Amino acid sequence: MQVDYIIVGYGLAGISFCELLKANNKSFIVFDNQSQQSTLVAGGLYNPVILKRFTPVWKGIEQLEIALPMYKILEEQLENKLDYKIPVLRRFASTEEQNNWFIASDKPFLNKYLDPKIIKNSNPYIDASFGLGKVLNTGRIDTQVLVGSSREKLLKENKLVEDEFYYDNLKIGEAVEYFDIVANNIVFAEGYGIKKNPFFNTLPLKQSKGELLTISAPELHLDYVLKSDIFILPLGNDLYSVGSTYEWEDDTNKITQKAREELEFKLRKVLNCPYKVENQVAGVRPTVIDRRPLVGKHQTIHNMYVLNGLGTRGVMIGPYVAKELYNYIENNKPLDKEINIERFNLG
Ligand SMILES: Cc1cc2nc3c(=O)[nH]c(=O)nc-3n(C[C@H](O)[C@H](O)[C@H](O)COP(=O)(O)OP(=O)(O)OC[C@H]3O[C@@H](n4cnc5c(N)ncnc54)[C@H](O)[C@@H]3O)c2cc1C
C-alpha cells in the first residue's frame with residue numbers, strides 16, 4: 001500500500017491533522033492502540049480566556065478561527081453534533097476578584113469576551129454570594145462522540161489500524177516503510193504515548209494527569225458552565241461533568257479515590273443540593289514546560305514529524321497547530337519559533 005502519510009495516534013492532534021489531509025486530497029493511514037485517553041475523557045471546553053488570572057490564552061482568537069470551522073465540517077461529515085455553545089460563568093470568591101474582573105473586561109481583546117456586568121446568582125443550589133462573571137463565545141466539543149464516530153468512519157474506509165505502532169519495524173529511507181505500507185511522510189501524534197517513541201522521547205513532555213466525575217443532580221438545572229476552582233459542566237439529562245484534577249507524578253489512566261475526594265470536596269463548597277456520582281474517568285494530558293506545543297521535523301530524518309504537547313487546551317490548539325504543521329510540510333511555511341521543537345536542545 002502506498003500513501004502520502006502514516007499518522008500514529010488519533011486523539012485531537014491526529015484527528016485535526018487527518019482533517020487537513022482529507023481537505024487536501026492526501027492519502028493516509030492511521031495507527032491507534034487506545035493506550036492514551038486524554039481526548040476521550042476531556043471536558044471539551046473551549047474558552048479563549050484564562051479564568052484563573054483573567055488573561056488571554058496564547059493566540060486564542062487565531063486558534064478559535066481555525067478550530068470552530070473544523071468542528072463544523074466534522075459535524076457534517078460525521079452527522080453528529082459536536083459543538084455545544086454554552087456560556088461559562090466565573091464564580092467570584094471576593095470583592096477583589098470582582099474588581100479584577102472589571103479591570104480585565106476593559107482591556108483590549110478581553111473586552112470582547114468578558115461581560116463587565118456582575119451577574120447575581122439566582123440558583124438556590126449554587127453558593128456564589130460575590131456573583132458571577134460571564135465569558136462570551138465559549139462552548140464544549142463532545143470529544144467522546146468526536147473520537148467514537150470519526151474512528152468508526154475511518155474503520156469503514158480502511159484507514160484505521162487499531163493496533164500498536166511498533167517503532168522498531170519502521171524502515172527509513174527516501175520514503176518510510178512499515179510492513180507493507182510505503183509512505184512519503186510519517187507524523188507522530190501519540191500524546192503522552194510519545195514517551196515510548198525512540199525518535200522523539202527526549203522532548204520535554206511532562207504528564208499532567210486529570211480526573212473527572214460525572215454526577216447526576218436532578219434539582220440543579222444549570223444551563224451554563226460554572227467555573228470556580230473546579231468546573232461544573234451540564235451534559236443534559238441532569239448529568240454534569242465535574243473536573244478536573246492536576247496530578248504531576250502518576251502517569252496512568254487509572255481513577256483514584258484521592259481525586260474523587262478532592263473533586264467532591266471542591267464541589268460541596270459551591271453546590272448544596274443532592275447529587276450522585278455516576279462515573280469517574282482519568283487521562284494524561286501531554287503538557288510542556290513552557291506551555292507551548294511540540295511541533296516539527298526530526299533532527300536528522302527528513303520525512304518524520306511530531307505533533308504533540310497540546311496540554312490542557314487541546315480542543316482549541318489541536319486544529320491550529322495541525323494546520324501550522326501541514327503548511328510547514330506541504331507549503332514550506334516556516335514554523336513559529338514558539339512551537340517548533342528546535343527551541344529545545346535535544347542533544
Ligand atoms: C481530565 C481531562 C480534562 C480535560 N479537559 C479539557 C477541556 O475541557 N478542554 C480542552 O481543550 N482540553 C482538555 N483536556 C486536554 C486535552 O484532552 C488534550 O490536550 C488532548 O486531548 C491531547 O490530544 P492528543 O491527540 O495530543 O493526545 P491523546 O488524546 O492522548 O491521543 C493520543 C493517541 O495516540 C495513541 N497512541 C499512543 N501511542 C501509540 C502507539 N505506539 N501506537 C498506536 N497508537 C498510539 C493513543 O492511544 C491515543 O489515542 C483535558 C484532559 C484531561 C485528561
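The values are calculated or read from the model by the stated rules, or taken from the named source; none is laboratory data. This is a predicted model, so every value here is computed, not measured. Glycine also receives a Cβ, built like all others from the backbone with ideal geometry; neighbour counts cover every protein chain displayed. These area figures cover heavy atoms from the full protein model, side chains too; ligands, DNA and RNA do not enter into them. Shrake-Rupley method; radii C 1.70, N 1.55, O 1.52, S 1.80 Å.
Select, from Gly60, Gly43, Gly11, the only residue that is within 11 Å of the ligand (Cβ to nearest atom), open to solvent by less than 40 Å² (accessible area, probe 1.4 Å) and more than 14 Å from Phe188 (Cβ to Cβ).
Gly43
Of (1) open to solvent by 10 Å² or more (accessible area, probe 1.4 Å); (2) without any contact (Cβ under 8 Å) to a residue 60 or more places away in the chain; (3) within 14 Å of the ligand (Cβ to nearest atom), Ser244 satisfies all except one. Which?
It is condition (2) that Ser244 fails.
Might you let me know whether the stretch 332-347 holds any residue that is among the aromatic types (Phe, Trp, Tyr) and surrounded by fewer than 21 Cβ atoms within 10 Å (Cβ to Cβ)? Let's see the steps before the verdict.
Filtering the stretch 332-347 down to residues among the aromatic types (Phe, Trp, Tyr) leaves 344.
Next, from what is left, pick out any that are surrounded by fewer than 21 Cβ atoms within 10 Å (Cβ to Cβ): 344.
The answer is yes, given that some residue of the stretch 332-347 is among the aromatic types (Phe, Trp, Tyr) and surrounded by fewer than 21 Cβ atoms within 10 Å (Cβ to Cβ).
Does the stretch 122-158 hold any residues that are open to solvent by less than 60 Å² (accessible area, probe 1.4 Å) and without any contact (Cβ under 8 Å) to a residue 12 or more places away in the chain, and which are they?
Gly148
Hey, any hits in the stretch 306-316 for a residue that's within 13 Å of the ligand (Cβ to nearest atom) and either farther than 20 Å from Tyr46 by Cβ or surrounded by fewer than 13 Cβ atoms within 10 Å (Cβ to Cβ) (or both)?
Pass one, the stretch 306-316, residues within 13 Å of the ligand (Cβ to nearest atom): 306-316.
If we keep only those that are either farther than 20 Å from Tyr46 by Cβ or surrounded by fewer than 13 Cβ atoms within 10 Å (Cβ to Cβ) (or both) too, we end up with 306.
The answer is yes, given that some residue of the stretch 306-316 is within 13 Å of the ligand (Cβ to nearest atom) and either farther than 20 Å from Tyr46 by Cβ or surrounded by fewer than 13 Cβ atoms within 10 Å (Cβ to Cβ) (or both).
Those residues that are of a type in the set (S, T, N, Q) and in a helix (DSSP H, G or I), I need them from the stretch 242-264; list them, please.
Gln257
Filter the stretch 22-40 down to residues that are of a type in the set (A, V, I, L, M, F, W, C) and open to solvent by 20 Å² or more (accessible area, probe 1.4 Å) and give me whichever is farthest from Asp251 (Cα to Cα).
Looking only at the stretch 22-40, we keep the residues that are of a type in the set (A, V, I, L, M, F, W, C), and these are 23, 28-31, 40.
Narrowing the set further to residues that are open to solvent by 20 Å² or more (accessible area, probe 1.4 Å) leaves 23, 40.
Details: Ala23: 35, Leu40: 16 Å.
Checking each candidate, the answer is Ala23.
Kindly check whether there is at least one residue in the stretch 277-289 that is more than 10 Å from the ligand (Cβ to nearest atom), modelled with pLDDT under 95 and more than 26 Å from Leu82 (Cα to Cα).
Checking the stretch 277-289: at least one residue is more than 10 Å from the ligand (Cβ to nearest atom), modelled with pLDDT under 95 and more than 26 Å from Leu82 (Cα to Cα).
Have a look at Asn253, Asn272, Asn279 and point out the one that is closer than 14 Å to Ala42 by Cα, touching a residue at least 12 places away in the same chain (Cβ under 8 Å) and surrounded by fewer than 18 Cβ atoms within 10 Å (Cβ to Cβ).
Asn279
Under 7 Å between Cβ atoms, which residue pairs at least 6 apart in sequence (or on different chains) link something in the stretch 67-94 that is among the β-branched types (Val, Ile, Thr) with a partner that is in a loop (DSSP other than H, G, I, E, B)?
If the second residue must be in a loop (DSSP other than H, G, I, E, B), the pairs left are Ile86/Thr138; Ile86/Tyr224; Val88/Asn47; Val88/Thr138; Val88/Tyr224.
I'd like to know if the stretch 123-134 contains one or more residues that are among the hydrophobic types (A, V, I, L, M, F, W, C), under 27 Å from Pro218 (Cα atoms) and in contact with a Pro (Cβ under 9 Å, 6 or more places away or on another chain).
no
What tally of residues in the stretch 53-108 results from selecting those that are touching a Pro at 6+ places or on another chain (Cβ under 7 Å) and part of a helix (DSSP H, G or I)?
Of the residues in that region, 8 qualify.
Might you let me know whether the stretch 296-319 holds any residue that is in contact with a strand residue (DSSP E or B) (Cβ under 6 Å, 6 or more places away or on another chain), small (Gly, Ala, Ser) and closer than 25 Å to Val145 by Cα?
Yes, the stretch 296-319 contains a residue that is in contact with a strand residue (DSSP E or B) (Cβ under 6 Å, 6 or more places away or on another chain), small (Gly, Ala, Ser) and closer than 25 Å to Val145 by Cα.
Look at Lys195 and say whether it is touching a residue at least 60 places away in the same chain (Cβ under 8 Å), out of contact with any His (no Cβ under 7 Å at 6 or more places or on another chain) and of a type in the set (D, E, K, R).
no
Being open to solvent by 10 Å² or more (accessible area, probe 1.4 Å) and either at pLDDT below 95 or assigned to a strand (DSSP E or B) (or both) is the filter here, so list the residues in the stretch 229-239 that pass it.
Asp229, Phe231, Pro234, Leu235, Gly236, Leu239
From (1) open to solvent by 80 Å² or more (accessible area, probe 1.4 Å); (2) farther than 17 Å from Glu219 by Cβ; (3) polar (S, T, N, Q), pick out the condition that doesn't hold for Thr287.
Among (1) open to solvent by 80 Å² or more (accessible area, probe 1.4 Å); (2) farther than 17 Å from Glu219 by Cβ; (3) polar (S, T, N, Q), the lone unmet condition for Thr287 is (1).
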